[in-house]
Amino acid sequence: MMELLFQGGRVLTIDALDHIASGVAVRDGRIVAVGDSAEVAQAVGPDATVVPLQGRALIPGFCDPHNHFSMTTFEARSVDCSTPPMSGKPAVLDAIAAAAQGAPAGQWIWGLGYSTRLSGENAELLRGELDEAAPNNPVCIMDSSYHSCYANSAALAVAGIDRNTPDPAGGEILRDASGEPNGVLWERAMDSVHHASMRGYMDAFGPDAVAGLVEQNALRHLSHGITSVGDALVMPESAEIYRLADQRGKIPIAIHQMRGGPGFFEIPEEAAAGAFDQDDVSDRLRGGIVKIFMDPVWPSAAITVCHADGTEENVGTPYYNQEDVDHLVLAAASNGLQVAIHCLGNRAIEQALNAFERALREVPREDARYRIEHFTYGTTAQIERAASLGIFVSHQPPFLYSFGENFEERFAEAGIDAPPVPYRSLLDAGITVASGSDYPCAPVEPLLGLYALVARRARSDGHRIAPEQAITPLEALRTYTLNSAAAMFRDQEVGSIEVGKRADLAVLSHDPTLVDPDFIREIQVQQTYVDGDLVYSV
């Protein structure tokens with residue numbers, strides 16, 4: 001019998017009444033007492049391991065319901081193309097060339113994090129430039145949005161893309177003046193290169209190394225206090241990676257697989273039909289949710305722009321018409337599956353709300369927990385409608401810090417009547433808001449997202465973005481813990497510090513409810529526990 005006793009701290013329980021305690025007792029991975037330090041000590045024996053909190057904060061482990069974990073599993077063996085720290089396109093090409101010099105001919109080179117939006121004009125990585133940097137290797141560089149990639153000639157050849165390849169529905173192969181693919185692939189056009197590069201990495205490293213990389217990625221998340229993750233798009237390769245790791249006991253966190261189609265942006269027809277019931281593999285590896293992309297990033301999200309003169313204009317093209325998305329949602333509902341729909345623009349949000357409303361009417365369920373991912377450019381009326389339907393909103397606060405000024409500009413241009421990242425409005429409407437990261441598209445650290453929600457400062461110049469939408473640190477913590485656990489149907493297990501729940505816990509250097517909002521991003525995660533086991537410590 002393993003017993004733990006946390007004493008002398010600020011225990012933020014995130015229970016129904018937001019009780020603050022000073023001690024917690026744990027036995028065999030479960031919480032058995034919460035309350036005063038002296039009182040909870042009576043719940044364990046004299047041989048219990050004592051963790052003196054010394055005034056530090058103990059919180060539920062963070063849950064990240066929207067995270068591209070499988071996409072970052074190979075990050076340690078890829079080229080960091082982020083800008084910053086890379087200074088721009090020439091530095092990225094130099095890094096690709098250096099990687100190619102040390103790689104066997106024919107081995108894939110994968111780069112992550114490149115952002116044309118942060119690298120200035122003419123920043124796309126073109127086929128010819130990547131050919132020069134890596135003449136003997138196929139290259140795939142993922143844009144930081146993960147909605148486009150950059151490929152060299154070898155990669156395009158492996159994927160079967162040439163001047164005669166038509167643009168797929170929902171994607172675009174950008175071309176040079178002669179009509180040849182220039183290496184930039186948007187949305188569904190990137191699926192074949194992405195698939196081939198991921199498969200190439202899996203084959204090159206082998207099952208044991210791949211499982212080790214999954215574990216390494218999990219340990220990185222645990223260092224930020226994250227104990228549960230929802231992989232926001234699981235393809236066949238992703239599922240295979242997870243099974244390799246699970247079979248070898250290399251998954252120390254809970255991973256929920258959000259199933260998509262055979263490619264990143266492909267139609268999740270099989271998933272909605274219930275083809276992946278076996279995704280509930282183990283206690284650590286779970287399934288039961290279908291992911292649908294409703295609108296793109298490139299060239300634009302699906303937005304109805306309201307001009308100053310009152311006229312409206314539709315920009316961007318949704319992936320699906322209403323009938324097609326209704327079909328997918330109804331199929332998933334009929335198979336007892338949860339559905340999460342990626343929606344950036346207000347047109348996409350409207351289609352998702354229509355589909356969910358129809359599913360609730362035609363396939364009534366007691367607890368569907370339908371989710372809209374991002375809800376980026378939602379209107380006031382859509383907030384109210386989502387609340388009336390009981391829709392969960394899964395949002396990613398680190399974007400507010402990283403790109404908040406872009407949200408301000410886009411909202412103004414589109415004439416949307418709601419403020420950017422309207423957490424105060426969402427919570428006041430009664431919506432369950434679950435906070436995550438969308439990593440690697442935004443920073444993974446929950447405490448950075450917590451800071452964004454409370455301080456609402458842009459990284460660029462520190463100005464406050466829609467400050468009236470700030471929420472309290474305790475409210476923000478709830479969105480990152482219990483609400484996010486609920487979005488993954490884990491709220492009966494984790495997400496709050498209550499008797500009977502699993503001891504997934506994090507020790508913070510400071511209590512975020514007691515410090516100046518601008519100090520929250522300086523708080524450190526000092527320990528992380530999963531089922532009462534210490535899995536990270538500084």
Would you mind checking which residues have amide H under 5 Å from residue 230's amide H? H placed 1.01 Å from N; only 5 or more apart, or other chain. 64, 66, 67, 256
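Using a Förster distance of 22 angstrom, determine the FRET efficiency expected from the C-beta separation of residue 307 and residue 417, and round it to 0.05.
Details: r = 13 Å, r/R0 = 0.61.
Step by step, r from the Cβ atoms, then E = 0.95.
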Counting only residues 5 or more apart in sequence or on a different chain, those whose built amide H sits under 5 Å from that of residue 10 are 55, 56, 57, 58
I need the shape label for segment 105-185. Rule: rounded when a/c is under 1.5, else prolate if a/b > b/c, else oblate, with a, b, c from the alpha carbon gyration tensor. rounded
Report the net charge of residues surrounding residue 187, where surrounding means a beta-carbon distance below 10 angstrom and charges are Lys +1, Arg +1, Asp -1, Glu -1. -3
Label model pair residue 354, residue 98: point-to-point distance (7 angstrom along the Cα→beta-carbon line) in nm is 5.1 nm
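Only Cα pairs under 8 Å and at least 6 apart count here; give the relative contact order of segment 48-173 as a rounded whole percent. Could you put the intermediate results ahead of the total?
Numbers: 151 pairs, mean separation 25.5, N = 126.
The normalised contact order for segment 48-173 reaches 20 percent.
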Pairwise centroid distance, computed over Cα atoms, of segment 322-401 with segment 233-276, Å: 21 Å
Gyration tensor (alpha-carbon) shape descriptor, the chain, a/c threshold 1.5: prolate
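What does the charge add up to near residue 197, with Lys and Arg as +1, Asp and Glu as -1, over the other residues with Cβ less than 13 Å from its Cβ?
Values: positive: 77, 199; negative: 191, 203, 237.
Computed value for this residue: -1.
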So, in Å, what gap is there between the alpha-carbon centers of segment 68-128 and segment 409-456? 28 Å
What is the spin-label model distance, in nm, from residue 472 to residue 167 if the labels are put 7 Å beyond Cα along the C-beta direction? 5.0 nm
Please tell me the relative contact order of the chain in percent, rounded to the nearest whole number, where contacts are Cα pairs under 8 Å and at least six residues apart. 16 percent
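Percent relative contact order of segment 111-204, based on C-alpha pairs within less than 8 angstrom and at least six residues apart?
Details: 161 pairs, mean separation 25.0, N = 94.
Normalised by residue count, the contact order of segment 111-204 is 27 percent.
State in Å² the accessible area per residue of the chain; use a 1.4 Å probe, count heavy atoms of protein chains only, and round to the nearest integer. Walk me through the numbers on the way to the answer.
Values: 19600 Å² over 538 residues.
Solvent-accessible surface per residue comes out at 36 Å².
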What are the ³J(HN,Hα) couplings of segment 475-490, residue after residue, when phi is run through the Karplus curve with 6.51, -1.76, 1.60 and θ = phi - 60°? Round to Hz, x for glycine and proline. 5, 5, 4, 5, 5, 8, 10, 5, 5, 5, 5, 5, 5, 10, 6, 10
Taking 0.36 nm per residue of separation between residue 203 and residue 384 and subtracting their Cα-Cα distance, the length gained on full extension comes to 60.3 nm
Summing -39500 (n - 2.57) over every DSSP H run of at least 4 in the chain, dividing by its residue total and rounding to the nearest 500, the 222 nm mean residue ellipticity is -9000 deg cm²/dmol
Give the angle, between 0 and 90 degrees and rounded to the nearest 10, that separates the Cα long axis of helix 89-101 from the longest principal axis of the Cα atoms of the chain. 90 degrees
If you count, for each residue, the other Cβ atoms within 10 Å and average over each peptide, how do 218-229, 79-90 line up from highest to lowest? 218-229, 79-90
Given H placed 1.01 Å from N in the peptide plane, which residues other than close sequence neighbours of residue 30 have an amide H under 5 Å from its amide H? 503
Work out, step by step, the length gained on full extension between residue 327 and residue 428: first 0.36 nm times the residue separation, then minus their alpha carbon distance; give nm to one decimal. 33.2 nm
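On the protein heavy atoms, probe 1.4 angstrom, tell me the percent of accessible surface of the chain carried by carbon and sulfur. Mind showing how you got there, number by number?
Working: 9610 of 19600 Å².
About 49 percent, which is the carbon plus sulfur part of the accessible surface.
The values are calculated or read from the model by the stated rules, or taken from the named source; none is laboratory data. Since this is a predicted model, take the numbers as computed values, not measurements. Please note: Cβ atoms are built from the backbone with ideal geometry, for glycine as well, and neighbour counts cover all protein chains shown. Surface areas here come from the heavy atoms of the whole protein model, side chains and all, with no ligands, DNA or RNA. Shrake-Rupley method; radii C 1.70, N 1.55, O 1.52, S 1.80 Å.
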